[in-house]
């Protein structure tokens, strides 16, 4: 009997450890962001002060608000474009029988396996040739290399599961493939679209290598690059308070979004992974 | 069906089947739907990959008068070539002879193996916890999504702050627990840099592994566990003999995704431990050569080699997986 | 109304031939039922008529016009699916109106047709509801309503009653029969594996097996004059009793068949004798299983509740000699 309680306690200790370990770094970043002045140099495990100084500094930084806006625009447009291309492609890949279909699906998936650096050189040339260097469109254009395969794959999996008889009823009613997609499937698929869109948004928001390489001015940079390049007045002074504040600003909306949509996100992640 | 037999049979047999316009129009629509996406992928992935490989066989330099357009074909020189000095000594150059490259390859391999092993083990533990039904399960699930949701750069900065030698909380904690006796610059010291990187990556990616493994766990029918309970089988045995084999497919998928991601890693290394020889991976090195050292063609060669490595690992994995599957199905 | 003619229709999926040469005339305004065991190709044949599958070879004509190349919406057909296939996100009204909206019907015209169909099927009060708010039987009626609105020349039913429970099945069967009577110039083709549905609804039945037609005829024709062992055993419930060996020799045939409702217990000129091994009492009839020395016990129908006991020895004979069906070695009927 006692052994049962020991096991129980150990289990809940493990649960507690997992929760603390997952949340602590974020909690600590928030804690730090509210400190200012010399208190930054003390180590505190619990909040000691509450000052907005760091946050004000972040926004006075000059380009940070612009960087935030850039990230939002790039991520949003990338997702919109990818979904548009992916929905129609997913219909063709999941509902129309043609030769070489599974080979095509595998090829598309394999593109997401490319190391980004392998296309970096070539993309650099293409982006400069199109005059897209140091523009937001250059980023939107290059981000499709990882958002498209993923969205096509996940949406194809979801569309495959839609009942075929509903599509046949629509065919008997005289619906063309475009009508089927827009009037019959999309309304049924919007949870999948939200999930896929969210996952793609997070991936685009997070992206660093292309943003670092294809932009050169503060005004065009996105948030990850801006944070990585945050520096203080002198070469040796790292503005940790400001960095933490910037990190929190960037992360809180994401965390909130993820927590609201957790079920959908989890099902989207596993649909892409397990069913694949 | 020849016309003779048709005449004999007395029925009209059509040589060419009359195709229904439904299927013709659907096939045509499918093509129109696929083409935009395929073109996009070709332009964004296919063509750039080809160009990168092309550049690796040239002497392209960004600083040349006409930039990349001045590139000349030099064959495999970027990969491997030898120069005989006047003294008779043979010097090998090229990526494959470059100590830096092999160091980077070794770093990448070390990192990949360590992170995948750690994340699989921890991920399995977390997945097992989440698979159990207990009050507060929702909190745990929400909690583990937080590391996953945070952008890599932000994680790097957050941990960079915690690992700071002067003001970092890790040092403070370890000192208090008497685990260390002096403050360590985790990210900056050669010996510990890789540990710092691993710590952050494991923290960030274990949730992803846990979720994939959890999905596999949840596909195991509950009555199997009830049967083992009735039979009185020890839980550890249940795990290794029953659960693990059934979760294997999901595990294998999770492992290969993680492995390929780990081999390609760039962001974390670049931000947490820049310029550290102990953590520089192939991606980091390639980019350095491409854009910082004005060795565009050389960097392209390194990029191509990394691509080949990933391709080989993927193909091997599928091949081994298929071979196993074939054996099992029989 | 439409007359359908199938001429040597074949369908292959890859290397597998599923429909192996079907020729059939379906008369205008007729209620034709395709029936047969699983895998016989009846659903495939229906889908070929609908246009949801391509015909590999052979022709299908509506009123003399070959329609092989026409897409389903251009053939003038409407289909009721086994799982109703209603659009889950649309109201009942929109479900029924969808087809007409796509072909550009006027708002007034659409409204009238939908409301008329709804009145006919007594679903007018559900027009603004979503399918998930309806019961199975109501959903099936909406599916039928959707088909009616299309004003088709040919109605196609793909096992529409399979998803309903027994009581609903009987009620909906009646609805379909009434529908046919009220729209007597519309050809209806109905697929089922349930021979009771076939017998009760059909003007003519087409029995299919392995992609080929076994027999086409009215229900009573199939019941009284089955042209093969297979049809004899398929139509009629319980299954016809078949006897070989010495029992068939007595009738100079390879196999004989006699329905359980055509055997009487009598001591006058008995043909078979045996012990009762089992009985099923259904209230309205009873079925007693008698072991007469054949590999399987013979089933005999009795009115009401039988008085025969287990183990009792009985003498049996056909009610009239003509009711014994004789078959040769190939399973074809022998003429008297």
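The values are calculated or read from the model by the stated rules, or taken from the named source; none is laboratory data. Remember, it's a predicted structure, so these values are computed and weren't measured experimentally. Note that each Cβ is placed from the backbone with ideal geometry, even for glycine, and that neighbours are counted across all protein chains shown.
Is it true that residue B:67 is within 13 Å of chain A (Cβ to nearest Cβ) and under 25 Å from residue B:199 (Cβ atoms)? Answer is no for this residue. Just to be sure, is residue B:134 more than 23 Å from residue B:258 (Cα to Cα), facing chain A (nearest Cβ under 7 Å) and either in contact (Cβ under 8 Å) with a residue 12 or more places away in the chain or not in a helix (DSSP H, G or I) (or both)? Taking the combined requirement at face value, the residue does not satisfy it.
Among (1) within 22 Å of residue B:22 (Cβ to Cβ); (2) at pLDDT 90 or above; (3) within 7 Å of another protein chain (Cβ to nearest Cβ), there is one condition residue A:96 misses while meeting the rest; what is its number? The one condition residue A:96 does not meet is (2).
Residues are listed down the side, and each one gets a yes or a no for (1) part of a helix (DSSP H, G or I); (2) out of contact with any strand residue (DSSP E or B) (no Cβ under 7 Å at 6 or more places or on another chain); (3) not assigned by TED's automatic domain parsing to the domain that holds residue A:188:
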position: A:23; (1), (2), (3): yes, yes, yes
position: A:38; (1), (2), (3): yes, yes, yes
position: A:45; (1), (2), (3): no, yes, yes
position: A:79; (1), (2), (3): yes, yes, no
position: A:92; (1), (2), (3): yes, yes, no
position: A:98; (1), (2), (3): no, yes, no
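Taking the conditions exactly as written (in a helix (DSSP H, G or I), within 30 Å of the chain's Cα centre (by Cα) and away from every other protein chain (no Cβ under 12 Å)), does residue A:74 satisfy them or not? So residue A:74 passes the test. For the range C:29-53, filtering for residues that are crowded, with 18+ Cβ neighbours inside 10 Å and within 21 Å of residue A:172 (Cα to Cα) leaves 17. Summed over the range B:226-270, the residues that are crowded, with 17+ Cβ neighbours inside 10 Å and within 23 Å of residue A:112 (Cβ to Cβ) give a count of 20. Suppose the filter is at pLDDT 90 or above, surrounded by fewer than 18 Cβ atoms within 10 Å (Cβ to Cβ) and over 24 Å from the mean Cα position of the chain (by Cα); does residue B:35 pass it? Answer is yes for this residue.
Just wondering, is there one or more residues in the range B:178-195 that are facing chain A (nearest Cβ under 10 Å), surrounded by fewer than 22 Cβ atoms within 10 Å (Cβ to Cβ) and either in contact with a helix residue (DSSP H, G or I) (Cβ under 7 Å, 6 or more places away or on another chain) or within 18 Å of residue B:258 (Cα to Cα) (or both)? Taking every residue of the range B:178-195 in turn, none turns out to be facing chain A (nearest Cβ under 10 Å), surrounded by fewer than 22 Cβ atoms within 10 Å (Cβ to Cβ) and either in contact with a helix residue (DSSP H, G or I) (Cβ under 7 Å, 6 or more places away or on another chain) or within 18 Å of residue B:258 (Cα to Cα) (or both).
Taken as a whole, the structure leaves residue C:59 outside the set of residues that are surrounded by fewer than 22 Cβ atoms within 10 Å (Cβ to Cβ) and closer than 24 Å to residue C:138 by Cα.
Taking the listed residues A:236, A:185, the one that is in the same structural domain as residue A:77 (by TED's automatic domain parsing) and modelled with pLDDT under 90 is A:236, with no other qualifying.
Selection of the range C:6-28 for residues being crowded, with 16+ Cβ neighbours inside 10 Å and within 20 Å of the chain's Cα centre (by Cα) yields C:6, C:18, C:19, C:22, C:24, C:26. Could you go through the range B:149-168 and let me know if any residue there is surrounded by 17 or more Cβ atoms within 10 Å (Cβ to Cβ) and within 28 Å of residue A:9 (Cα to Cα). Scanning the range B:149-168 turns up no residue that is surrounded by 17 or more Cβ atoms within 10 Å (Cβ to Cβ) and within 28 Å of residue A:9 (Cα to Cα).
If the condition is being more than 15 Å from residue C:216 (Cβ to Cβ) and in contact (Cβ under 8 Å) with a residue 12 or more places away in the chain, then the range C:9-18 contributes C:10, C:11, C:12, C:17, C:18. If the requirement is being in contact with a helix residue (DSSP H, G or I) (Cβ under 7 Å, 6 or more places away or on another chain), at negative phi and touching a residue at least 40 places away in the same chain (Cβ under 8 Å), which of these qualifies: A:180, A:243, A:171? After ruling out the rest, the residue left standing is A:180. Considering only residues in the range B:264-278 that are modelled with pLDDT under 90 and not in a helix (DSSP H, G or I), the one that is nearest to residue B:200 (Cα to Cα) turns out to be B:273. Screening the range C:235-336 for strands (runs of 3 or more DSSP E) wholly inside it with 1 or more residues that are surrounded by fewer than 13 Cβ atoms within 10 Å (Cβ to Cβ) and in the same structural domain as residue C:216 (by TED's automatic domain parsing) returns no ranges. Across the range C:156-171, the number of residues qualifying as in contact with a helix residue (DSSP H, G or I) (Cβ under 6 Å, 6 or more places away or on another chain) and outside any loop (DSSP other than H, G, I, E, B) comes to 3.
The rows are residues; the columns are (1) buried (at least 18 other Cβ atoms within 10 Å of the Cβ); (2) assigned to a helix (DSSP H, G or I); (3) within 10 Å of another protein chain (Cβ to nearest Cβ).
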| residue | (1), (2), (3) |
| --- | --- |
| C:84 | yes, no, yes |
| C:90 | no, no, yes |
| C:98 | yes, yes, yes |
| C:101 | no, yes, yes |
| C:117 | yes, yes, no |
| C:139 | yes, yes, no |
| C:142 | yes, yes, no |
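The residues of the range B:144-177 that are modelled with pLDDT of 85 or more, more than 10 Å from chain A (Cβ to nearest Cβ) and assigned to a loop (DSSP other than H, G, I, E, B), listed by number, are B:163, B:177. Which residue is nearest to the other protein chains (Cβ to nearest Cβ), if the candidates are limited to the range A:186-212 and must be crowded, with 22+ Cβ neighbours inside 10 Å and over 13 Å from the mean Cα position of the chain (by Cα)? That would be A:212.
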